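**Q** Handing you this structure, nothing more for now.
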Amino acid sequence: MTYLQAIIIAIIEGLTEFLPISSTYHMKLTSVIMGIKDNDEFIKLFIESIQFGAIISVIVLYWRKFFDFTKLSFYYKIIVAFVPAGIVGYFLKPYIEVILGKLLIMTIITFLGGFLLLYVDKWFNKSTEENFDKVTYKKSFIIGIFQLLAIVFPGFSRSFATIMGGMQQKLSRKLAAEFSFFLAVPTLAGAFVKSIYDAYKHNPIYLKGEYLNFIILGNIIAFIVAMIAIKGFIAILTKYGFKAFGYYRIILGAAIILLIAFHII
């Protein structure tokens, strides 16, 4: 991997991590288009580790929430929502890695998920709750169950799954998106720690020298781009809803399926 490739992948991560279009799929697709080998272990580490930059962007943008220690229920609710993905993700990691190696499968999941996005606003048009304090532990846990869609079906989009779960629990689009951002912190942090630990245990060279420079650079870029993307996403989602993202996924998915079918990628 070159520095230019690292920068491009990090930009894609920052742009897509919190949008309902699957950052993992977009980084996978980008690496394939750039000719990076599927079995490159460092690329896998790089893609997982630069999500840390996206985590920091959420903490910085919502620092009042994350550092208001007078409301411990905020942390408890996020932990409750994280539990399902934390447990299932741990046991399904081998299965997930197999799917992540199959661009066609992830493309089909992305394509089909686009149709769901076209109808989310219609299905949950009575979702109006704007107050985080009204989000109960039960609602938090159910949102966490929805997050499993992204675990079991890589390419579905963690953001989409959790926002849809939030709206199903009567949260407004804005609050559902913000809850999704908050839930991303322990979810992505867990994946980050696990990837770094695995690298330390099996490929410690990836945490040194130029490899480490790639990871640091990628996290800085992902952090900056994610800060911008989050603000833009909230504005678009609040005003227009999900349809544009649905059409995007359908068009992209159909195009990539055709390119794969004709052995162009």
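**Q** State all residues of region 214-256 that are under 21 Å from Gly155 (Cα atoms) and surrounded by fewer than 16 Cβ atoms within 10 Å (Cβ to Cβ); if no residue qualifies, say none.
**A** Lys243, Ala244, Tyr247, Ile251, Ala254, Ala255, listed by residue number.
**Q** Can you tell me which of Leu19, Leu45, Leu15, Leu29 is at pLDDT 90 or above, at negative phi, outside any helix (DSSP H, G or I) and crowded, with 17+ Cβ neighbours inside 10 Å?
**A** Leu19
**Q** Being surrounded by 15 or more Cβ atoms within 10 Å (Cβ to Cβ), of a type outside the set (A, V, I, L, M, F, W, C) and in a helix (DSSP H, G or I) is the filter here; which residues of region 52-72 pass it?
**A** Of everything in region 52-72, those that are surrounded by 15 or more Cβ atoms within 10 Å (Cβ to Cβ), of a type outside the set (A, V, I, L, M, F, W, C) and in a helix (DSSP H, G or I) turn out to be Gly53, Ser57, Lys65.
**Q** Between Val120, Val193, which is of a type in the set (Val, Ile, Thr) and surrounded by fewer than 19 Cβ atoms within 10 Å (Cβ to Cβ)?
**A** Of the residues listed, the single one that is of a type in the set (Val, Ile, Thr) and surrounded by fewer than 19 Cβ atoms within 10 Å (Cβ to Cβ) is Val193.
**Q** Suppose we filter Phe111, Phe82 for residues that are touching a Pro at 6+ places or on another chain (Cβ under 9 Å) and surrounded by 15 or more Cβ atoms within 10 Å (Cβ to Cβ); which single one remains?
**A** When all the criteria are applied, what remains is Phe82.
**Q** Right, next: Only residues in region 146-173 that are in contact (Cβ under 8 Å) with a residue 12 or more places away in the chain count as the first member; pair them with residues that are acidic (Asp, Glu) and part of a helix (DSSP H, G or I), Cβ under 9 angstrom, at least 6 apart or cross-chain, and list the lot.
**A** From residues that are in contact (Cβ under 8 Å) with a residue 12 or more places away in the chain, the pairs are Gly166/Glu178; Met167/Asp121; Leu171/Glu178; Arg173/Asp121.
**Q** Could you check region 141-156 and list, in sequence order, the residues that are in a helix (DSSP H, G or I), aromatic (Phe, Trp, Tyr) and buried (at least 22 other Cβ atoms within 10 Å of the Cβ)?
**A** Phe146 - this is the single residue of region 141-156 that is in a helix (DSSP H, G or I), aromatic (Phe, Trp, Tyr) and buried (at least 22 other Cβ atoms within 10 Å of the Cβ).
Table: residues versus (1) of a type in the set (D, E, K, R); (2) in contact with a Gly (Cβ under 9 Å, 6 or more places away or on another chain); (3) under 15 Å from Ile47 (Cα atoms).
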| residue | (1), (2), (3) |
| --- | --- |
| Pro154 | no, no, yes |
| Gln169 | no, no, no |
| Ser172 | no, yes, no |
| Phe179 | no, yes, no |
| Asn203 | no, no, no |
| Ile215 | no, no, yes |
| Ile220 | no, yes, yes |
| Ile230 | no, no, no |
| Thr238 | no, no, no |
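The values are calculated or read from the model by the stated rules, or taken from the named source; none is laboratory data. The structure displayed is predicted, hence computed values, not measured ones. Positions of Cβ are backbone-derived with ideal geometry, glycine not excepted, and every protein chain shown enters the neighbour counts.
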